[in-house]
Each structure stands twice: as C-alpha cells, then as structure tokens.
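Undergrad: The following block contains the structure, expressed as structure tokens.
Derivation of every value follows stated rules applied to the coordinates shown; laboratory data play no part. This is a predicted model, so every value here is computed, not measured. Ideal geometry is used to build each Cβ from the backbone, glycine not excepted, and the neighbour counts take in all protein chains shown.
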Amino acid sequence: MIATLKFTALLLAVVVCRATQDYGYKDVEEPTLGDSQYGSLWPLPQKVQMSTVAFKLSGVSFQIVDAKESSSGASCSLLQNAYRRYDEYIFPISRMQGQNKKKAFASVSELQVWITSADSECDNYPSVTSDESYKLSVDSPVAVLKAPKVWGALRGLETFSQLVYEDEYGAKSINRTEIQDFPRFTHRGLLLDSSRHFLPIKVILANLEAMAWNKFNVFHWHIVDDPSFPYMSRTFPQLSQQGAYHPYTHVYTPSDVKMIIEFARLRGIRVVSEFDTPGHTQSWGKGQKDLLTPCYSGASPSGSFGPVNPILNTTYDFMAMFFKEVSTVFPDAYIHLGGDEVDFSCWKSNPDIQKFMAQQGFGTDYSKLESFYIQRLLDIVTTTNKGYMIWQEVIDNGVKLKSNTVVHVWMGNKFEEELQKVTEAGFTTILSAPWYLDYISYGQDWQKYYKVEPLSFNGTDAQKKLVVGGEACLWGEYVDATNLTPRLWPRASAVGERLWSDKDVKDTNDAYSRLIQHRCRMVQRGIPAEPLFTGYCAHEYKGV
Amino acid sequence: LARRCYKQWLWFMVLFMSFSVIYVDAVWPMPQMISSSMARYTLNPREFIFQYSSGSSAQPGCSLLDSAFERYFPLIFTDYRHDEWFRFPFTVVVHVERAECEGYPDADSSESYKLSVCSGQAALRAETVWGALRGLESFSQLVYQDDFGEYFVNETKIEDFPRFQFRGILLDTSRHYLPLHAILKTLDAMSYNKFNVFHWHIVDDPSFPYQSSTFPDLSSKGAFHPSTHVYTQIDVKRVIAHARLRGIRVLAEFDSPGHTQSWGKGQPGLLTPCYKGTVPSGTFGPVNPANSSSYQFMTRLFKEVTSVFPDSYVHLGGDEVDFTCWKSNPDVRGFMLKMGFGTDYTKLESYYMENMVNITKGLNKTAIVWQDVFDYHEKIPVDTVLHIWKGSPGQIQQELSSITLAGYRVILAAPWYINHIDYGQDWEKYYTIQPLNFTGTEQQKKLVIGGEVCMWGEYVDATNLSPRLWPRASAAGERLWSDERMTSSVIDAFPRLVDFRCRLLRRGIQAEPLFVGHCRHEYQGI
C-alpha cells in the first residue's frame, strides 16, 4: 500500500469530542482520532496512491459513461443502473440545471467505465469465482475505471464515490488518485435471520444496499428455523400457510424472493439460502405432517416433536421435492443445509427410531443417525447440481462429507483449532465464530470484530487458502425491523474491511477516523447506521 | 345512563369472581385498581365521540383536551376506514374538576382519574386535565381489534393514580445532537407510558446546542454546527408545547461547574485556565469559581433559561467536578487562601454550588442537583432535590437513606442507566428495581419523589435512540406508576409488555422486540 501524499480534505465534516467522563464506564478503549491519509475509504483498497492535487466535479456536466473500448454497453442494465445509483450518491441533491460554464479550474468531467474482458458477465449471477478486481485512475479531465468483469466495476464505482468529498464551499471535489484493488477473501457474507423475527422486504433490500457500500458479496439468508417458516413454497404451500407467523403478512412470496435475488445481483451480491435440517425445524412440522420425529414420554407420544424423522422414506421424498424447488428458485451454486445443534433426546425417546438404530447397527451413537440423515440429504442435493455449505457440527460429529463441502465455523471458543482441523481435513471453510453481531455490549465493540485475524491458526499455506472468507451473523432473537439496521451498521463494516483489505491493514486509529466518516456517509445515504462515539454528522439521520 | 351503568357493573363484579379475565392485562403501566368483564362492546369510528360532561369545568375550547381527543381518535382506531354502516354508538364522557387547560403540568399536578366503561359509554372523571390525559391513554389501550378488524372494548372499571410524582426520561442532546422530530417522537412514546418529566440534558462538554438569546455565541461557537445542530428558541418552545399537551414537564439541565467544555468556546473567561507549572497550558477546566464575572454570567443565563422553561424546577447538574485544573491555577489557589478553604477543593465546589442555588432561588425556581452536591456536604436549601445517579445497589440504598434522613427530596436514576446495553432481556433488571427498599422511616420514604430513566448519548443518536429506549424504558415506567405488589412478577409482565410493544409499533414508535415472535403489524421503516 502506497500513500505518497497526505489527504486532508474530508467528504463529510465530522468532529468527535471526547466526553471526559463516561459515567462509571471507564474501561472503554477510545482510539485517538486524527485524519486518515486515506480520507473516508472503507474498506481500504489494496493499493492506493493519492495526491493532494484536487479536481472539481461539475454538478452540471459530470457523468459516468461506458468507455469506448469497454466490452459492456448500453445494453448492460446492471451497469447502467449502477451509474444512476452512484450518480445519486455523489450528487444527492438534484443535479443543477443549465449551461456548462467555461471551467476556470481543473475538473473531472467523466468517469469512464471500461470492462476489459470479452465477456462482461453483465447478465450472470455473481458466483464464488467472480472476479471483483478493478483499477481506478482519477485524473483531469477523465477518470478511468478498468475491471475485467462488471463485478469489479461495481466495487470500483463504490470506491470512486467514496473518493468524492465537498470542499469548504460545498463543491464536489476529488483528488488525483490511483487505485488497484481486489478482495482478500472471496466469501464476504452477512447472515440475516428471518425466522425468529420476520423481516419486511424493505429491510432486507436496505441492508443489501448497505452491504454493497461495504463490499460484502454474500447474503446468507437464514430464511426458516424453529419459530417460523416465512418462505412460501410452490410445491408445499402449506409450509408457510401453517408455519409462518401469518400466512399473508409474514411470508416471502416467490416474487419477493425473486426481487431480492435480482436486487442483490445488481449489487454483485450472491444470495445463499439456508434451509437448516434436521434440527431447527419446528415450524416445518406445522405444514408437513410426519416430517418431524414424534417425541415419547415413556411408552406414549408426548405430543411434542423433535428433529426431522430420519427413518422414513417419506422424509427423503419430501426433501428431494423441496430442494428441487429451492435449487431452481435460488440461482446460486451453493445451498446452506444447516445441520447444527441437533438435539438427540427426542430421537432417543422414540421406539421406532430405537429399532431403526438397532437395525442399522448404530448402537446408541445417535451422531451416526445424524450422519445417516445428512448423507442422504447431501445425495439428494447433489442431484440438483448444487454445492453445499454446512455448519461445523456436521464435521465435528464425524459425518462423511464430499470434498467440495464448505464448512461454516460458528462456535465461539477456539475457532482457530476448528479452522486448523477443518482445513487439515481438506475442506473449504468460512468463519463466523468471532462475528456474532447479535451479541451486543456497551462501548466500541467494532474494534473487537476488527482485530480478528482469520488466518491466525496453525496450518500450511495450502490450508490457509481453504479459508475462503467469513460471515457476520445477526441472529434474530432480539432483532427485527425496529433495530436491525442500527445494530448491524457500522459494526458489520469492521468485518467488511477485515475480509476485503490486506491483512496488514490493522491500525485501529486510522480505521476509526475512516469508519466515522463512512458511517456518516451511510447515514447520508439513508441508512440509520449508529454512532461509534460522541460526535456528529453534518447530515444527521432524518428518519424517526 | 351513568347510574344504570353502575348497576350493571355490580352484576359484572360478581361475574369476575368466576372468570379469569384476560383484558385486565391490557393497560401498561398497570393501573392501581382495574377490573373488567368478558362483556364487550363494539366501537365504530363513525359513531364514536369524545364529550365533555355537562358538569365538567373543562368544556369545548379546552385546547389541551380538544387536541388530546384529536390525537386519541386515530390512536384508538388505528386503521380507520370510512365504513358506511354503523350499529353501536359510543361516547366517552370526560369530566374534569379543575380545568387548567392553558397551564403547564407541575410537580404537584394531580394525575389521578377514574374510568368506567360500559355499554355505549365510558365515563372518565379526573380532578385535572392531566389526570384526564392519563385516563384517555388507558382507555385507548383498552380498545382492541378482532381478526376482522372490528373494534371492541370490554366492560371495565379503573381507579388510577401514580405511585411516584416524578417519572422522568433523560435525553442527552450534547454528546449527539438529536433532531427535533426525535425528541417529539420520544415525548409521544413517553405519554403512552405515562412518563411525565422530560429531563433535557441539553448541553455538556461536547456541544452546546441551546441557542441563547442573551449569549448567542454559546451555540454559534459551542454547537457542533451553528445552524444545523442547534435548538432555536422556536424549537424549544415547540418541545415545551408538545410536552405540555401530553402532560409532560420539561426540566432543563444546564450542568455546571464541570461538564462545561463547550460553554468555554463562546464565553471566553468563563472556564478555569489550567496551568502547567507556572504557565497556562492552553486547556480549560470547570467554570472559574474565583471570578465574580462567572456568577454574573450565570445569573443572566439562568434568568433567560428560567423564563424560557416554565417549569418551577431547574436542574443545575453539579456532578463529576475534576479538581486538577483548579489546583493548577494560581488565581484559584489564591482565592482558596482568601476564603480560608485550605486545600479542600470540595469547599470551593460547595461555594460555587451554593451561589448557583441562590441564583436559582432568586429567580423563584427550585433546584435539582446530582447527588455529588450532597456528598460534599454543601449547605443547600432543604427544598433542593437530589438526583442519585451512581453506585452499587448497596451504595444506592445507603445514599437514599442518608439523603432522606437529612430531609431532602430525592429522585432515583442510578438503576435506570438505560444507555448501558447488554445481550438479552435486560428489561427485567429495570422492572424489578424496588425504589423504596432502603432503611428509613415512612417519612423518609415519602421524600423519594420518583425516578428517571437516563439515556446518555455517547453511543446514541437519532439512528438508534428509539429502539434502544423502548420498550426497555417501559419497564421503568410501570415501576414508577404502578403498585409494586401488583406488578412484582416479571413472568406476568412479559406477555403484557410484548403486547404493549406491538401497540407502540402500531403507533409508529420504533420499539424493539423483547424476544422471538412477531407483531400483527411490523415496523415498516428501516
């Protein structure tokens, strides 16, 4: 990373004052605030060269256009929509009308976007192998953004918009800058839980928007779980009819899902759906008779139900049909199959299951039964040509997995050991354990998330390459539309930089300065991102 | 009609004995006495009216109640459609003994009311308009909708009054500026929870957003931004008026001599210059108590403040004064010598606070100060109110004992520092506080006039204020209004609070969930 010259002008005027007393909570560590030489860039690009030479952006004439040489053109609506979006971010108040006056100063009149490879992938869905790299060169009169694919162009547009700031007269300015950028990790995800609380579409869309500003590229949609089943299935409509909090107001219809997937695609974000089984399925049971295991109290059924019943053929027939639908609804190459926290007590209580265990020679090792279920489920999903992700217990319990399985590490203690173990076994893995953002505490906990180093475990280079990324998880026990967005941002931004930027980007003071401005930018763009500490944004949140 | 209603009532009283009644749970905070029956009456928005009783001293034209009627109609009929048909006319008849329609609520305003709901009519009787407001709130919470959207209210009888006179919420507009709409929205939610004091911690070290007409430089130099991050006189008036209409007092705090860094920017000479050895270091400490000009300034500022804020109380702060800067300053040391304070800087602080309390007295206002002022054994008038904000549970009990033993009135805030967040259902912690659980006589306990929920602003601004405040503050709201024995169970409170938070959502208050679950109408913002 090279920063030759000091960058002082800021996009948003931000001042942080220290409260000398914070009412008994003295253990809060406050980073010192200075101006970062990188202005308000977040996450920090891999290579930045910024000069103090500043150019103006004319509110009348500045435009984002396709470069002549670009393989993408007017027909690529993904980029055309992005141009419009970023134009509005850069000029939030309606653009000035009128004649373009003769310029008395150096200015940037155009950002040319140049897709360099023959296939821009404009109409594709982003995938785990999508190229998100880009090069950005800001000069007068033309700035050029070069990217092999549209995905890199999207990331570069975001970076360009973050370089623009207002000078003291309110004129939009940008410094001469050279940037070369690419992500450190390919999987940079965010998990939202729409089962414990239903999240209206609007909330999901707003957070996809904020994800793009933080260069996240995977929306892990934990769509169903014990409390409710809001996914409206075409094949099994009774699942949401019976299992959602409300059959009409608290469901995601096929067109809702389609809209979310397309909205995410336009921002270079994959939608990985999770249909967690065999545990976490109480809500499935309401609309699908005999799917769950009846629990027994002594010799008679207790009336309550446990995990999916793994001994019935009907279970697998159902799963085959259900996942066939899911695999067509969600275009991503991966499905998350869950597999976490299976409680064996209900299985143990059920005489039919006991019999089956004996038949199969499983003895009393119920993890073998779990393994049996998962194995069959994986076979089913394999026939849909999808890859799959699973939570770490599946491997911890010794289930035999196909080598292309992605293992999701979530358990809080000793995640380094788990990563070591999983990668030693040759599995690709993603890390969530240190990033459970639903756990809140008083003070600046973003620093805790920021300081995590995902590759700190003992292992060979080959092992480390198997860590393809991480995910911030916002589980829904205490979160719904009322508090999701401020709880998530800017805390998730800390994870965003950790997953995108170089591993040597770890100066919390520099991060603090940039993050304060980045949060004010999110607020100005309409996202209620909460404050890091005492201070203000030039444009405060206008919502309620 | 009223008499017939009463007879029916007796009949239903018998009915309660045999039925467990679910709608008793509807009102938050729990009224002192409530009973209701399974008999329910339909309410139709087309045939629903509020009416002043003929004997009421408040009559049409009472702006306070007229506007309350206007407000409560849509709160009761949350999705009013213009139905053409009607069946059941319903009238809420309001009777007020003493109409102070144009007045401000104050420390001794009565908030008690009686509400009786029967077929076709509800009778709401209150001594004052403030009690009528509390009764309207309760009535609105009794109304519910069935699955077909029809509105109902059950036969109900309520006699209600607050356990504590002072039920406050503190917002801090200095550490982060809170736009006016965020304050007004909080006032709305406060009235739904029967809070009656908005403690406006308006200025502090980080910024001075109050735009003073006497000293305009205070905000033009001390606010985060001189025009976008200030409260103009019109803004302040609007807050006070909005609060008044909801029976809420606005208690302004201008904290000194500490917590005043932002004051210094617009008022040179006010703060103590700190010294490094024999030269000024360029930094400043608390207000300079050795200069008579400090007191002249304060007199003029508080003269303005006390005329802008109509409440008969003003909060003078007085907490967390750091003595190191005073100690470093040779002029302050000289003053200490002259006054015979030796090296006891608490005496200097006492001296300052005494002066401040006297200034307040001269302006016919009563002072509220943070507990520090008592802890330093300052000679302050016995009508001063002490505000407890710190300590372990044991220390808090001790502080309550000693302050009330000395004969001072006290407000308890320490257990309700709601800006401190934690994973999980921390509302239970706020709910189970027992404010009068300390050693003292009956007389001493009467001196505990109430409590306050504090939302300090280090980590809070308009982006997260509402969901962080509600429904967690509601737990304290019930503790301060309701009878403690009737509301001692967290398990009983949980389902009521779950319903109440959905009601808050329905009214547009961004109240966060208590746990897994859903509301019929989810929050529609982001």
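Undergrad: Please say if the protein assembly as shown is rounded, prolate or oblate, where rounded means a/c under 1.5 for a ≥ b ≥ c the square roots of the C-alpha gyration tensor eigenvalues, and otherwise the choice is prolate for a/b larger than b/c and oblate otherwise?
TA: Oblate, since a/c reaches 1.5 and b/c is not below a/b.
Undergrad: Moving to a separate point now. What whole number of Å gives the distance from the Cα centroid of segment B:446-461 to the Cα centroid of segment A:309-339?
TA: Their Cα centres are 52 Å away from one another.
Undergrad: Report the antiparallel proportion of the DSSP beta bridges in chain A as a percent, rounded to a multiple of 5.
TA: Of the beta bridges lying entirely in chain A, close to 35 percent run antiparallel.
Undergrad: Holding the Cα-Cα limit at 24 Å, pick out from A:Lys135/A:Lys451; B:Lys185/B:Lys303; A:Lys414/A:Lys448; B:Lys114/B:Lys429 the pairs that are longer than that.
TA: From the list (A:Lys135/A:Lys451; B:Lys185/B:Lys303; A:Lys414/A:Lys448; B:Lys114/B:Lys429), the Cα-Cα distance tops 24 Å for A:Lys135/A:Lys451; B:Lys185/B:Lys303; B:Lys114/B:Lys429.
Undergrad: Summing Lys, Arg as +1 and Asp, Glu as -1, what charge do residues with Cβ under 9 Å from the Cβ of B:Asn419 carry, B:Asn419 excluded?
TA: -1
Undergrad: Return the FRET efficiency for the residue pair A:Asp226, A:Val468: r is the Cβ-Cβ distance, R0 is 25 Å, and the value is rounded to the nearest 0.05.
TA: Computed FRET efficiency for A:Asp226 and A:Val468: 0.30.
Undergrad: Here's something else I'd like to know. In whole Å, how far is the Cα centre of segment A:352-399 from that of segment B:128-195?
TA: Answer, in whole Å: 54.
Undergrad: Using only Cα atoms, what Kirkwood radius does chain B have, in angstroms?
TA: That comes to 24.6 Å for chain B.
Undergrad: Counting only other residues whose beta carbon sits under 12 Å from that of B:Gly266, what net charge do I get with K and R as +1, D and E as -1?
TA: My count for the surroundings of B:Gly266 gives +1.
Undergrad: Here is a follow-up. Rank these for me by crowding, A:His222, A:His408, B:His199, going from fewest to most other beta carbons within 10 Å.
TA: With the fewest neighbours first, A:His222, A:His408, B:His199 line up as A:His222, B:His199, A:His408.
Undergrad: Would you mind calculating the gained length between A:Lys348 and A:Ser255 on full extension (0.36 nm times residue separation, minus the Cα-Cα distance), in nm to one decimal?
TA: Extending this stretch completely gives an extra 29.4 nm.
Undergrad: Still on this structure, I have one more. For Cα pairs less than 8 Å apart in space and 6+ apart in sequence, what is the mean separation divided by the residue count of segment B:194-300, i.e. the relative contact order in percent?
TA: Computed over segment B:194-300, the figure is 28 percent.
Undergrad: Relative contact order for chain B: what is it in percent, counting Cα pairs under 8 Å that are at least 6 residues apart?
TA: The normalised contact order for chain B reaches 14 percent.
Undergrad: Which length gain, in nm to one decimal place, applies between A:Lys506 and A:Asp379 when the Cα-Cα distance is subtracted from 0.36 nm times their residue separation?
TA: That pair, A:Lys506 and A:Asp379, stretches by 41.5 nm at full extension.
Undergrad: For an R0 of 41 angstrom, estimate the FRET efficiency from the Cβ-Cβ distance between A:Ser441 and A:Lys386 and round to the nearest 0.05.
TA: Efficiency at R0 = 41 Å is approximately 0.60.
Undergrad: List the lysines whose Cα sits under 18 Å from the Cα of A:Lys386, skipping any in the same chain fewer than 8 residues away.
TA: In chain and number order, the partners are A:Lys324, A:Lys400, A:Lys402.
Undergrad: Under 10 Å from the Cβ of B:Ser312, count the other residues' Cβ atoms, weight Lys and Arg +1, Asp and Glu -1, and hand me the total.
TA: It works out to a net charge of -1.
Undergrad: How many angstrom separate the Cα center of segment A:456-528 from the Cα center of segment B:234-267?
TA: 37
Undergrad: Please report the antiparallel percentage of the DSSP beta bridges confined to chain B, to the nearest 5.
TA: Around 35 percent of the beta bridges assigned by DSSP in chain B are antiparallel ones.
Undergrad: If I take R0 = 56 Å and measure r between the Cβ atoms of B:Thr441 and A:Thr364 in this structure, what FRET efficiency does the formula 1/(1 + (r/R0)^6) give, to the nearest 0.05?
TA: Computed FRET efficiency for B:Thr441 and A:Thr364: 0.25.
Undergrad: While we're here: Using only atoms on other chains, find how many Cβ atoms lie within 10 Å of each Cβ of peptide A:451-459 and report the average.
TA: Per residue, the average neighbour count from other chains is 0.
Undergrad: May I pose another question? Given 0.36 nm per residue, what is the gain on full extension from B:Tyr423 to B:Ile491 after removing their alpha carbon distance, in nm?
TA: Full extension of this stretch gives 22.6 nm more.
Undergrad: Taking square-rooted eigenvalues a ≥ b ≥ c of the alpha carbon gyration tensor, is segment A:101-207 rounded, prolate or oblate, where a/c under 1.5 means rounded and, failing that, a/b exceeding b/c means prolate?
TA: oblate
Undergrad: Could you please rank B:Asp235, B:Asp108, B:Asp461, placing first whichever residue has the fewest other Cβ atoms within 10 Å of its Cβ?
TA: B:Asp108, B:Asp235, B:Asp461
Undergrad: Among A:Asp502, B:Asp172, what is the fewest-to-most ranking by other Cβ atoms within 10 Å?
TA: Final ranking by Cβ density, sparse to dense: A:Asp502, B:Asp172.
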